[in-house]
Amino acid sequence: MATLVFILVGLLLAAVQTTVFMPGPLWPVAPDLYYVLVAYVACQFSLCRGIIILLPVSCVMDVYSGTLVGLYPAICCCGWLLLKFMTIKMPVRKPLYQLPLVAVSYLLISWLSSLLLDILQPEAGILWSWPPMLFRAGLVCLFSYPLFRCFDFLDSRLRGKFSFAGPKGAGTGNQFRQDNKLQ
Amino acid sequence: MQRNNRNKKQKDGSEGFRPVLLGGAVLTLLLIFLVFIFGSQEFGPVYKLVLDATGPLQKGASQFAVPFRSMREKYLDLLTVREEKERLLQELQKCRTAAYANRGAVALNARLRKLLEFKESSGLPTVTARIVGKDPSPWFRSVIIDRGLSDGVDKGMPVVTGEGIVGQVYAASANYAKVLLTISPSSAIDVLLQDSRVRGILKGTGGSTYRLEYVLKTIEVAKGDHVVTAGYGGMFPPGLPVGIVSEVTRNRRGMFLEIEVVPAVDFSTLENLLVIEQKKKEFRPQSEAGYP
């Protein structure tokens, strides 16, 4: 049930990203909301559940955007794997500390994608430009915190437990992860 | 004693004269009244004189009363000013909403009118479509329209507005289609410089301008030249407006000019489109289409 709800949330995010946040075809500052879901799934969900959620969402993004079939599933898959690896290796597992990682992974995956496309599909004319991509990474980071909170709320409600606490920044006590298990 | 008697006699005389004086005065007034009632009713010279004499007095008094009257009116107005203000604010809000809606309607009307003019003047079979989604990626420029195979829209069909060309259908489902915009970096179309009839390849830059390529340095191209579709490949009908040359650069190296073209269509405000229905032709983006 929770998996299905998160798939629907992903589809909704894709639709919102391509309509509400895109007033015109040349609008430069649309936040990549689908990537926030990729990051959340990588940080919070298991391997199998993550794939089930991300596959339909990335396919829909592929339909909505671009002319190269398979680009978004590749970006989602790479981003998800990278973030999964980073969260496993990261000593602190708190959403506030994971947000910069989301932006960094987004930037890295985008850069690698453009590099590969430039080599493999030069006719696509994909050019890397730092200022807009840095701005977009900033937007992803900006939208990550409220969306992570929303996803947390949704996940907890679906599991039947939720306590809406304030921003979890520098809390008291030991902030380092006590175990190495995946959530 | 003698003085007292004299005073008494004088008193008696004046007391006898008083009734006569009173009677005379009453009779005079009565006479004046009768003259007024049964007279010629004309404003006599005496009255005129009195009016002239008392007029300034009245005038001064009335001017003196003006500030008091206005103060009273202001006070009375203040009593109702709050209700009036709220009512006017509500009215202003309604007017602003109506004006906003009207501006939108006027803009939509103008856009649709241009589409209709193009539809009528071109004589080509067209399908009107509305953009329902835009590509958020910085690398691609495409839009989703609300017409598909069931409406006669198919892959490869050109898409235009009243101002000029917009792109071509890249993929179509039963009810929706994906349009690759001409500003997309993967788009390339055959064009002509309208006056010199020189052919070139127009490529998208992903931004708000095109790049016109493969125009030889020996050819004179000026800022402001109009660029139209060539129609050689059969993809776009010939003569459709594409844009205007905004910058021409002659590099020392190379054979070709570097030409920047400003699109005829304002892509940032794109909403309604026309898909030109023409025979299905294999659509291949850029290099696959045989362009160098």
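Just so it is clear, none of the values below were taken in a lab; they were calculated from the coordinates. Worth saying up front: this structure is predicted, and the values here are computed from it rather than measured. A quick note on method: Cβ atoms are made from the backbone with ideal geometry, for glycine too, and the neighbour counts reach across all protein chains shown.
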With θ set to phi - 60°, apply the Karplus curve 6.51 cos²θ - 1.76 cosθ + 1.60 along the range A:104-110 and write out the HN-Hα couplings as whole Hz, x wherever there is a Gly or Pro. 5, 5, 4, 5, 5, 5, 4
Okay, helix-only estimate at 222 nm for chain B: each DSSP H run of n ≥ 4 adds -39500 (n - 2.57), divide by all residues, round to 500 deg cm²/dmol; what do you get? -15000 deg cm²/dmol
Pseudo-spin-label distance residue B:149 to residue B:31, built 7 Å along Cα→Cβ, given in nm, is 12.3 nm
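Give the average over all directions of the projected area of the C-alpha convex hull of the range B:59-187, one decimal, in nm². Provide the component values of the computation, followed by the final result.
Details: hull surface 64.2 nm².
Result: a mean projected hull area of 16.1 nm².
Going by how many other beta carbons lie within 10 Å of each one, how would you line up B:203, B:119, fewest first?
Working: B:203 22, B:119 18.
Taking fewest neighbouring Cβ atoms as first place, the list is B:119, B:203.
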When A:97, B:100 are arranged by how many other beta-carbons sit within 10 Å of their Cβ, fewest first, they go B:100, A:97
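Charges only on Cβ, +1 for Lys and Arg, -1 for Asp and Glu: so what's the dipole of the range B:127-283 about the Cα centre, in debye to the nearest 20?
Working: 18 positive and 17 negative charges, 92 e Å.
So the magnitude is around 440 debye.
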Here the whole-number average of other chain Cβ atoms within 10 Å per Cβ of A:118-125 is 4
Per residue of the range A:10-27, what does 6.51 cos²θ - 1.76 cosθ + 1.60 with θ = phi - 60° give for ³J(HN,Hα)? Whole Hz please, x for Gly and Pro, Karplus curve as stated. x, 5, 5, 4, 4, 5, 5, 4, 8, 10, 5, 8, 10, x, x, x, 9, 4
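First measure r as the distance between the Cβ atoms of residue B:20 and residue B:64, then evaluate 1/(1 + (r/R0)^6) with R0 = 45 Å and state the FRET efficiency to the nearest 0.05. All intermediate terms of the calculation are to be shown ahead of the outcome.
Numbers: r = 45 Å, r/R0 = 0.99.
It comes to 0.50.
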Given points 7 Å out from each Cα along the Cα-Cβ axis, report the residue B:220 to residue A:128 separation in nanometres with one decimal. 4.5 nm
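Could you calculate the FRET efficiency of residue B:120 with residue B:271 from 1/(1 + (r/R0)^6), where r is the beta carbon distance between them and R0 is 25 Å, rounded to 0.05?
Numbers: r = 20 Å, r/R0 = 0.79.
The formula returns an efficiency of 0.80 here.
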Give me A:78, B:95, A:43, A:150 ranked fewest to most by other Cβ atoms within 10 Å of their Cβ, as a rough exposure proxy. B:95, A:150, A:78, A:43
Provide the packing ranking of A:21-28, B:17-24, i.e. peptides ordered by the mean count of other C-beta atoms within 10 Å per residue, highest first. A:21-28, B:17-24
Quick one: helix B:2-38 against the long Cα principal axis of chain B, what's the angle to the nearest 10°, folded into 0 to 90? 40 degrees
Rounding to the nearest 10 and keeping the result within 0 to 90°, find how far the Cα-based axis of helix B:45-122 lies from the longest principal axis of chain B. 10 degrees
